[in-house]
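Nothing in this text is a laboratory measurement; each read-out follows from the coordinates by a stated rule. It should be emphasised that the depicted structure is a prediction, and the values quoted were computed from it without experimental measurement. Neighbour counts are summed over all protein chains in view; Cβ atoms, including those assigned to glycine, are modelled from backbone coordinates with ideal geometry.
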Amino acid sequence: MGRITLDKVQKKFGEAEVIPPLDLTIEDGEFVVFVGPSGCGKSTLLRLIAGLEDVTNGEIRIDGNPATNLPPAKRGLAMVFQSYALYPHMSVRKNIAFPMKMAGMDQAEQDRRITKAAEALNLTDYLDRRPGQLSGGQRQRVAIGRAIVREPAAFLFDEPLSNLDAALRVGMRMEISELHAKLQTTMVYVTHDQVEAMTMADKIVVLRAGHIEQVGSPLELYHSPRNTFVASFIGSPKMNLLTGDIARSHDATTIGIRPEHLDVVERDGTFVGRVGVSEHLGSDTFFHVHIPQMEEPMTVRAGGEVGLRHGDTIHLHPQADKIHRFDAQGLRVA
Amino acid sequence: MATEHSRSSARLMIAPAVFVLLVWMLVPLIMTLYFSFADYRPLRATFETWIGFDNYASFLTSSSFLSSIGTTLWMVGSILMITIVGGVLLALLLDRPMFGQGIVRILVIAPFFVMPTVSALVWKNMFFNVDNGLFSYLFKFFGAQPFDFLSQLPLFSIVVIVAWQWLPFATLILLTAVQSLSSEQLEAAEMDGAPALSRFWYIILPHLSRAITVVILIQTIFLLSIFAEIFVTTNGAFGTRTLTYLVYQRVLESQNIGLGSAGGIIAVILANIVAIFLMRIVGKNLDN
């Protein structure tokens, strides 16, 4: 079981309020991702749940039991750190065994769990090596192994993939998702990468300056972002946000159109502009289009092979039902 | 240092320094070797250039040799114990954020800057002195008899003085090691359910092991040649005669330069054996 409830949890460092009072419920078995730009308080929130930071006000409950003043070890949570935080002088086996040794578990049970975790994580051949002799991905797996063997109520991940290279990151993303599908344990995952959030989460919590901007499933956030911040944070490349006459014609202060919802047409487009930088990804091409009435260039997704070059004139037409409208406060207009 | 040309000019430029160092080291060593095979007692006007290994034999067989070895080991060992244990504790303490951290750190390191002779004199006259020492006042304050440290516990007193001087060095090296420990490792251990004492034992101490071996190596080399502290306080009496001090006594007090030189060479050999062992241990420790 791993249902975590935050009730008006607040965190101040001296006078600075990092997390204003905040309510959140993480259901048992859910994969929840905290996402936001750096400095938004997402790591602090995770550390509050872990017990590595003291809560200034409010209450944390794990499975209905108050945990606000419990020391980290007593909360039944396991954490995977950004730097992996492996113990460099211990072998992989001893690293994984450490939490069980601290809990005073008997040797046979320890060995059984180590073998099981090592098989699940492809670490069997490396059990007697030191962390220093492993690659980044293997170290990551050892850190996860150390978390698994405790059979915790929930896993906490603090930007675990940010030290890996791009290819490995995709692989580890899959492995963590697989692990979640297999264990069905609650996982709380912190990242600044919206791609990780979109691909892994059951539920995304978007944070800005300690505030929860929106909570929802990846597709909810994609299809109906509650405000312009979420709209521009979720989705890659970013949503185009337009103001001025074009927005007024839709009865809004700001309208948002995602690059994939702009069609390239032959003539008579809503927007006419010049092609600037184009990014060819093979499957897609992203054009940065300069439109005379607008300061910012618009991003457009087109097919892989579109015969447009730098400086060419382009006609664009937005898909009418995919336009997001926001009011003067930046909130979504239904 | 890439090209042939820059390599040869580099050699040329360090040559004078190497030459001076060699002369500085080799001349005294060769003279000591030369004297160690001679019967040279200036006050009796004796000088016989070659008497074979007689000096070595009489130095090694004298009863004071073995006892001086024992004293040396005892002294170096207990100073190492005090400085390492105390240094680890002080380093952990100083690593904590506190008010006036900068000043406290400078104060802790200060004893290292006091010259050995001076610190020995200060301890002898201001702390250990039976009539006016601070410890005597303290004993009297609690209604006890003043205690004459230097004649009752001479070896212990010298250990205290030297440990006081070297504690800052150990603290300094160990403090930098403590500071280099990543806080995430300690947090991970905390999450893993390790209480403070286990965190110290399983995480902090292994992390410090390299720094500790380095401290042991450097301190042993310097502590084997403790002299000023013994000279100023007990003059080698009451069982405080170390090997270094014995050599000094043979040369200057007995005016037997040949015997003293032989003792010096023996001391060099023993110190090198110790150094080789220590280097092995350090090397092993630095490898993994």
Problem - Space enclosed by the convex hull of the alpha-carbon atoms of the stretch A:42-129, per residue, Å³ - result: 135 Å³
Exercise for the section: First select every other residue whose beta carbon is under 15 angstrom from the beta carbon of A:Asp125; then total the charges, Lys and Arg +1, Asp and Glu -1. Expected result: +3
Practice task
Against the globular-protein guess of 2.2 N^0.38 Å, express the Cα radius of gyration of the protein assembly as shown as a ratio, rounded to two decimals.
Solution key: 1.44
Handout entry: Cβ-based net charge around A:Asn227, under 10 Å, with every Lys or Arg adding one and every Asp or Glu removing one
Key = +1
Exercise for the section: Treating only the Cβ atoms of Lys and Arg (+1) and Asp and Glu (-1) as charged, compute the dipole magnitude of the protein assembly as shown about its Cα centre; round to the nearest 20 debye. Expected result: 1760 debye
Problem - Peptides A:303-316, A:193-206, B:117-130, A:139-152 ordered by average Cβ neighbours within 10 Å, highest first - result: A:139-152, A:193-206, B:117-130, A:303-316
Problem - Members of A:Lys74/A:Lys203; A:Lys11/A:Lys203; A:Lys74/A:Lys101; A:Lys42/A:Lys182 lying beyond 21 Å, as alpha-carbon distances in this model show - result: A:Lys74/A:Lys203; A:Lys11/A:Lys203; A:Lys42/A:Lys182
Problem - A:Glu15/B:Ile273 FRET efficiency (R0 60 Å; Cβ-Cβ; nearest 0.05) - result: 0.45
Exercise for the section: Assuming a ≥ b ≥ c are the square roots of the Cα gyration tensor eigenvalues, decide whether the stretch A:240-326 counts as rounded (a/c under 1.5), prolate (otherwise, with a/b larger than b/c) or oblate. Expected result: prolate
Completion exercise
Taking every residue of B:203-209, the Cβ atoms of other protein chains inside 10 Å of its Cβ average out to 2
Exercise for the section: Highest first, please rank the peptides B:106-112, B:188-194 by the mean number of other Cβ atoms sitting within 10 Å of their residues. Expected result: B:188-194, B:106-112
Problem - Nonlocal amide H pairs with A:Glu53, under 5 Å, H built at 1.01 Å - result: A:Leu48
Practice task
Convert each backbone phi in the stretch B:73-90 into a coupling constant with the Karplus relation 6.51 cos²θ - 1.76 cosθ + 1.60 (shift: θ = phi - 60°), then list the ³J(HN,Hα) values in order as whole Hz, x for Gly and Pro.
Solution key: 4, 4, 5, 4, x, 6, 5, 4, 4, 4, 5, 6, 4, x, x, 5, 5, 4
Problem - Distance-filtered residues of the stretch A:305-319 - backbone nitrogen under 13 Å, label point 7 angstrom along A:His280 Cα→Cβ - result: A:305-310
Completion exercise
Cα gyration tensor of the stretch A:282-321 diagonalised, 5x eigenvalues square-rooted, in angstrom largest first, produces semi-axes 18, 14, 9
Problem - For chain A, calculated [θ]222 nm from helices alone, where every DSSP H run of n ≥ 4 adds -39500 (n - 2.57) - result: -7500 deg cm²/dmol
Exercise for the section: Find the relative contact order for chain B and round it to a whole percent, using C-alpha pairs within less than 8 Å whose residues are 6+ positions apart. Expected result: 28 percent
Completion exercise
Out of B:Pro195, B:Pro16, B:Pro146, a Gaussian network model of chain B with alpha-carbon springs under 10 Å gives the largest mean-square fluctuation to B:Pro16
Completion exercise
Given A:228-241, A:257-270, the highest-first ranking by average Cβ count within 10 Å works out to A:228-241, A:257-270
Exercise for the section: Could you calculate, for the stretch B:63-287, the ratio of the Cα radius of gyration to the Kirkwood radius, expressed as Rg to Rh? Expected result: 1.04
Exercise for the section: Enumerate the residues in the stretch A:80-95 having an amide nitrogen under 18 Å from the point lying 7 Å beyond the Cα of A:Ser162 toward its Cβ. Expected result: A:80-86
Practice task
State, to one decimal in nm, how far the label point of A:Asn57 lies from the label point of B:Ser67, with both points 7 Å from Cα in the Cβ direction.
Solution key: 7.6 nm
Fill in the blank from the handout: Most exposed to least, judged by fewest other Cβ atoms within 10 Å, B:Leu205, B:Leu186 sort to B:Leu205, B:Leu186
Exercise for the section: Among A:Lys42, A:Lys116, B:Lys284, rank each residue by its count of other Cβ atoms within 10 Å, from fewest to most, as a rough exposure measure. Expected result: B:Lys284, A:Lys116, A:Lys42
Fill in the blank from the handout: With 0.36 nm assigned to each residue of separation and the Cα-Cα distance removed, A:Arg248 to A:Ser217 gains 8.1 nm
Exercise for the section: Provide the net charge surrounding B:Leu90, with neighbours chosen by a C-beta distance below 13 Å and charges set as Lys +1, Arg +1, Asp -1, Glu -1. Expected result: +1
Exercise for the section: Starting at the first residue of the stretch B:15-30, write each ³J(HN,Hα) from the Karplus equation 6.51 cos²θ - 1.76 cosθ + 1.60 with θ = phi - 60°, in whole Hz, x for Gly and Pro. Expected result: 4, x, 5, 4, 4, 4, 4, 4, 4, 4, 8, 6, 4, x, 5, 5
Problem - For the stretch B:229-288 and the stretch A:278-315, distance of Cα centres in Å - result: 82 Å
Fill in the blank from the handout: When the charge dipole of the stretch A:4-231 is computed with +1 at the Cβ of Lys and Arg and -1 at the Cβ of Asp and Glu, the Cα pointing farthest to the positive end, of A:Val32, A:Thr185, A:Ala209, is that of A:Thr185
Problem - Vicinal HN-Hα couplings computed from phi for the stretch A:14-22 (Karplus, 6.51 cos²θ - 1.76 cosθ + 1.60; Hz; Gly/Pro x) - result: x, 8, 6, 8, 8, 10, x, x, 9
Handout entry: For residues of B:192-198, the mean tally of beta carbons on other chains within 10 Å
Key = 6
Exercise for the section: Could you state the orientation-averaged shadow area of the convex hull built on the Cα atoms of chain A, in nm² to one decimal? Expected result: 20.2 nm²
Completion exercise
Checking the stretch B:193-287 for chymotrypsin sites (Phe, Trp or Tyr not before Pro) in a loop per DSSP with at most 11 other beta-carbon atoms within 10 Å yields none
Exercise for the section: Quantify how strongly other chains surround peptide A:67-78 by giving the mean number of their Cβ atoms within 10 Å of each of its Cβ atoms. Expected result: 2
